[in-house]
C-alpha cells in the first residue's frame, strides 16, 4: 500500500492537472463563441457568391467554360487538401479527419488513381506521413497566425490554382471538419477543383435579362478563383469552431475524470490514515497492559 | 425611393442599408446605381465605392479591393474581398 505521503503527492498532482484542464475548457468555451460568430458572419458572402455562380455557370457551359469549371479533361491525379488543427488537446478531432482523408485516399488508389496530399495545419502531418510519406506535396503552416483569416485562405487558394494551372493535378478534394455541435464534428470530403456546379436558385435576378460587364466568361473566370478562396476560408472557419468545440468537450471529460480520481484517492488516503491511527492506539494499549 | 445597398466581405456583412445612389468602380468604368436599375453584373477594380445617402448630399467613400457588383430585384450587392477601414 502506498504511504500517506505518496498518496498526498498524487492527490495534489491530479488536482493541478484538473486545474489546467478546467482552465483550457473555459478558454475553449469562450473561443468557441467567437469562432461560431465568425462562421456566421462569413455566411452571407458565401451564399451570394454561390448564387451568382449558379446563375452564371448555367449560362456559360460547353467548350467556352474556363478550365477551373470543366477540369483538365482527365481525372488521373488527385490532390487531397486536408485541413487539420494546429494544436492538440481536442479529443479525436484530428484522428477523425485523418481517418476520413485516408479512407478517401485508399478508395482513389484502389481505383488506380494517383493521390497526393496538401496538408493545412500541424496535427495532420505525423499520422499521414506514417502511411503516405512520399505522397505529401506540401505543408501549409497556419500556426503562426492566431486566427487564420481570409489572407491564409487566399494564399492556399492561389497556391492551389497555380499548381492546377501548371498541371500538377486534375482533381482536388477538400477534407475538413464540419462543426455540428460541441459534441459532434463531422469530417467531410468535398470536391474543390474543378469547381462543382453549385446547386441553388439559378434565377437570382428573376427572369429579366442580366447585363454583364465585361462578358459572362470573363466574369466567371474572375469568379471561380474567388469561389475556391471562399470554400477554403469556410473550411478554415469550420476548423476553428470544430477545434474549440472538440477541445471544450474533451477538457470537460478530463476535468470530470480528474474529479473522480481525486475522490477515490482521498478515500484511500483517509482509510490509510485511519488505519495508521488504529495501529498506533493498539500499540499503546498493548504496551500499557503489559506493565 | 430608395436603393437597397449591401456590401459584403468574406469576413462579414459590412453594410446593409437603404440609400439614394451608389457609384461603383466597375472594371470598364464607374457606374452609378439608382433604384430600379436593370439587372446587371460587373467585376470591379480596386477603388472607392461612393455611397450617396441622400440626393445631393456628400458621398461617403469606402475603399474596396477585388470583387464584383450585382444589381438585381433586391437592390445592389457589392461583394468585395477586402474593405479598407
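Look at the stretch B:36-45: the mean tally of other chain Cβ atoms within 10 Å of its residues' Cβ atoms is 5. What percent antiparallel are the DSSP beta bridges of chain A, to the nearest 5? Of the beta bridges lying entirely in chain A, close to 35 percent run antiparallel. If a/c stays under 1.5 just call it rounded; otherwise compare a/b with b/c (prolate if a/b is bigger, oblate if not). Do that for the stretch A:33-250, with a ≥ b ≥ c from the square roots of the Cα gyration tensor eigenvalues. Taking the square roots of the gyration eigenvalues as a ≥ b ≥ c, the stretch A:33-250 is oblate. For the residues of A:47-55, the average number of beta carbons from a partner chain within 10 Å of their own beta carbon is 3. Of A:238, A:216, A:154, which is the most mobile in a GNM of chain A whose springs link Cα atoms less than 10 angstrom apart? Ranking A:238, A:216, A:154 by mean-square fluctuation puts A:216 first. Between B:25, B:59, B:39, the GNM of chain B built on Cα springs shorter than 10 angstrom shows B:39 fluctuating the most. The mean count of C-beta atoms from other chains within 10 Å of the C-beta of residues in B:53-59, rounded to a whole number, is 0. Taking a ≥ b ≥ c as the square roots of the eigenvalues of the alpha-carbon gyration tensor, chain B is classed rounded because a/c is under 1.5.
Coordinate-derived values only; no laboratory data. In this text, all values refer to a predicted model and were calculated from it rather than measured experimentally. In this analysis, Cβ positions are derived from the backbone assuming ideal geometry, glycine residues included, and neighbour counts consider all displayed protein chains.
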